[in-house]
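Values quoted throughout were computed directly from the atomic coordinates according to the rules given, and no laboratory measurement underlies them. Note that the structure is predicted; figures quoted are calculated from it, not measured. Ideal geometry is used to build each Cβ from the backbone, glycine not excepted, and the neighbour counts take in all protein chains shown.
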Protein chains: 4
Amino acid sequence: MQIPLHWISLLRPCVPAYAGTNGIERYVMTTLTNSRTVRIEWGDCDPAGIIFYPRYFEIFDASTAALFERALGMTKFEMFKALPFAGFPLVRTRAKFLKPTRFGDDVTVDSSIKFGRSSFEVEHRLSLNGETCAECSETRVWVVRGADGEITSHPVPEDVLAKFQT
Amino acid sequence: MQIPLHWISLLRPCVPAYAGTNGIERYVMTTLTNSRTVRIEWGDCDPAGIIFYPRYFEIFDASTAALFERALGMTKFEMFKALPFAGFPLVRTRAKFLKPTRFGDDVTVDSSIKFGRSSFEVEHRLSLNGETCAECSETRVWVVRGADGEITSHPVPEDVLAKFQT
Amino acid sequence: MQIPLHWISLLRPCVPAYAGTNGIERYVMTTLTNSRTVRIEWGDCDPAGIIFYPRYFEIFDASTAALFERALGMTKFEMFKALPFAGFPLVRTRAKFLKPTRFGDDVTVDSSIKFGRSSFEVEHRLSLNGETCAECSETRVWVVRGADGEITSHPVPEDVLAKFQT
Amino acid sequence: MQIPLHWISLLRPCVPAYAGTNGIERYVMTTLTNSRTVRIEWGDCDPAGIIFYPRYFEIFDASTAALFERALGMTKFEMFKALPFAGFPLVRTRAKFLKPTRFGDDVTVDSSIKFGRSSFEVEHRLSLNGETCAECSETRVWVVRGADGEITSHPVPEDVLAKFQT
């Protein structure tokens, strides 16, 4: 088991990757989005009877994987085998919690993405009966494992990008 | 079990609460901070061998509770019994992940706080051997349960504030 | 928030409830079962790349709730409102882990139940492509909250039992 | 990332490993035990205000790692580097939940172990103020990764056993 020791090194090279000259224009906009339904479970909730918010981040992480699965037609597990890919660790996130959800709720998570060079941003909107309950944005970095076992950032493969633009 | 259905209603009254005339001056700065050590466990880590980031939010949530416990000399459970208090739900959070941690790491979490009127902001810095691995800021609202069972925002009690300023 | 302090007191009265004279005959056998599909997520897995086994118990807990939802046509949240019901805490469990599962697997959980008087036993079989990966049996107690707020065991309501026998 | 596909194959060879001729005598009894204190957190608890039982299994898993750390003087992470070791997956567990615990409780977990050849059994007793709240027994298998990347059961190394008998 090879463990990446420093991924600050991942962050640095990727900053210019999506900053462009004006910080915006290098993004690759995509049209593909994903929507999925998630049941909030009893065990996701805290003594206030509502979801314990770290569970939202579990839901968002799985929603990002689901978005890639929708675009690529393969699970994250299969991505490890088929692509130059060692994960897409999160480097930054922001979230707002507008309205609590509780066990028994079937919430909808809508996810969209825009790509920098080796980083990308995912926006998640979690709603119940059309009303937004939580919003989250994630900055992630596409990483690969080098011959020496080291994890480094890597441009998102062109054929991956292409799958999001169809 | 009474379940709060809408806490967007909590957010709205609290915005002016800490906005003041210039958005800053109404904050009550505090000097009390808390530092605690947390062992990252095998089960906190994902197939990349590093911490699965939603676990950080579990750690931060417990660190906020620990900060109040340090200031007030009582656990969150005791706060429910002793204070006008029905929780301090998170309404907004931001986090940066700079360097991964892994099972076996004993990380340090340093937490500090500044108070608005019924909201407050907590800053957490998670470090390993002095090096920052993650940073998180939380906006939370102090809530109470009314006679009708409804959850509403409530000014942070004066004696709670006082305990943070000694 | 009322917290049950001692549920050993729940266990004791329920032992005779399903012991009968020969320890078996008091069980009410049911024919209703439930089958559901669960995606194993990246965040459910540990550094060995396979599911971290406490996640199985989260899946089994949700599967028991799903079995009741199938039988009663209401979520656990609705059970709290519609029935003399304050939960069905687990008092005993056994599990075997035969074959690991990993992120990307869509596993099937088949759940069946037999009722004592105030306790019941749920059997879960978790399989992948027809092959059993984990088995779990749970003993749970049906509890209600008395006028004094105390949690006590309570016979499973007749109309609940009836729904499992159709 | 190498993923073990079938660990039923681990279970089979290990059955005779600790069955001996009479099913008992092959166990190596140890005297080393470990005791640790764990704070039950708000986020570990469910809407009933008490611990959500899968959290107990997270605590027990970490307690087994802590027992080995106590005996060997190294973390589980260090065991991967220093020993013929690819983990000790759980193959069977039983637990009883006698008395609920809740957020703010500082519980004690006492863990003891007895070794078969490539399997071992760990007993955990979780108590609060001297009163047992939960008991758990685990059967685990010591595994190594072969040259082909396959996971197989392996006798617990003699020098590991020796550390538990001092």
Given A:LYS96/B:LYS96; A:LYS96/C:LYS81; A:LYS76/A:LYS163; B:LYS76/B:LYS163, the pairs whose alpha carbons are separated by over 18 Å: A:LYS96/C:LYS81
Sorted peptide list for B:157-166, B:84-93, criterion being average Cβ within 10 angstrom, highest first: B:84-93, B:157-166
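If you add up the charges near A:GLN165, with Lys and Arg at +1 and Asp and Glu at -1, over every other residue whose beta carbon is less than 12 angstrom from its beta carbon, what do you get?
0
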How many Cβ atoms of partner chains, on average, are near each residue of D:99-108 if near means within 10 Å of its Cβ? 5
Around A:ARG117, which amide H atoms from residues at least 5 apart in sequence, or from another chain, sit under 5 Å from its own amide H, with H modelled in the peptide plane? A:TYR18
In nm, one decimal, shortest first: how far is the label point of C:ASP159 (7 Å from Cα along Cα to beta carbon) from the matching points in the other copies? 4.7, 6.0, 6.8
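Using packing as a proxy for protection, rank D:94-100, C:61-67 so that the peptide with the highest average count of other Cβ atoms within 10 Å comes first. Each step should come with its number before you reach the end.
On the way: D:94-100: 20.3, C:61-67: 22.6.
Final packing ranking: C:61-67, D:94-100.
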Hz values of 3J(HN,Hα) by residue in the stretch C:126-134 - Karplus curve (6.51, -1.76, 1.60), Gly and Pro given as x: 9, 9, 10, 6, x, 9, 5, 10, 8
For D:THR108, place a label point 7 Å from Cα along the Cα-to-Cβ direction in every copy; what are the distances to the other copies, in nm, shortest first? 3.0, 4.8, 5.4
When the charge dipole of the stretch C:75-132 is computed with +1 at the Cβ of Lys and Arg and -1 at the Cβ of Asp and Glu, the Cα pointing farthest to the positive end, of C:VAL122, C:PHE77, C:THR93, is that of C:THR93
Per its Cα gyration tensor (rounded if a/c is under 1.5, else prolate when a/b beats b/c, else oblate), the stretch B:42-118 is best filed as prolate
Please list, in chain and number order, the residues 5+ apart from C:CYS45 or on another chain whose amide H is under 5 Å from its amide H, with Hs placed from the backbone. C:PHE52
At the level of C-alpha centres, the distance separating the stretch C:109-166 and the stretch A:29-73, in angstrom, is 28
If Lys and Arg each add +1 and Asp and Glu each add -1, what is the summed charge of the other residues whose beta carbon sits under 11 Å from the beta carbon of B:GLU121? +2
Once amide H atoms are placed 1.01 Å from N in the peptide plane, what residues at a sequence separation of 5 or more from A:ALA134, or on another chain, have their amide H within under 5 Å of its amide H? A:LEU98, A:LEU126
Could you state the principal axis extents of the C-alpha atoms in the stretch D:73-151, from the largest down, to the nearest angstrom? 48, 23, 20
Could you run the Karplus curve 6.51 cos²θ - 1.76 cosθ + 1.60 with θ = phi - 60° over the stretch A:57-67 and give me ³J(HN,Hα) per residue in whole Hz, x for Gly and Pro? 5, 5, 5, 5, 4, 5, 6, 5, 4, 5, 5
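For A:88-95, what's the mean count of beta carbons from other chains sitting within 10 Å of each residue's beta carbon? Provide the component values of the computation, followed by the final result.
Numbers: counts 0, 6, 7, 5, 6, 9, 6, 7.
Average per residue, whole number: 6.
Note down the magnitude of the dipole of the stretch D:53-166 about its Cα centre, charges +1 on Lys and Arg C-beta and -1 on Asp and Glu C-beta and zero elsewhere, to the nearest 20 debye.
My answer is approximately 180 debye.
When Lys and Arg each count +1 and Asp and Glu each count -1, what net charge do the other residues less than 11 Å away from C:GLY104, Cβ to Cβ, add up to? Walk me through the intermediate numbers first.
Numbers: positive: A:LYS76, A:LYS81, C:ARG39, C:ARG102; negative: A:GLU69, A:GLU78, C:GLU41, C:ASP44, C:ASP105, C:ASP106.
Net local charge, C:GLY104 excluded: -2.
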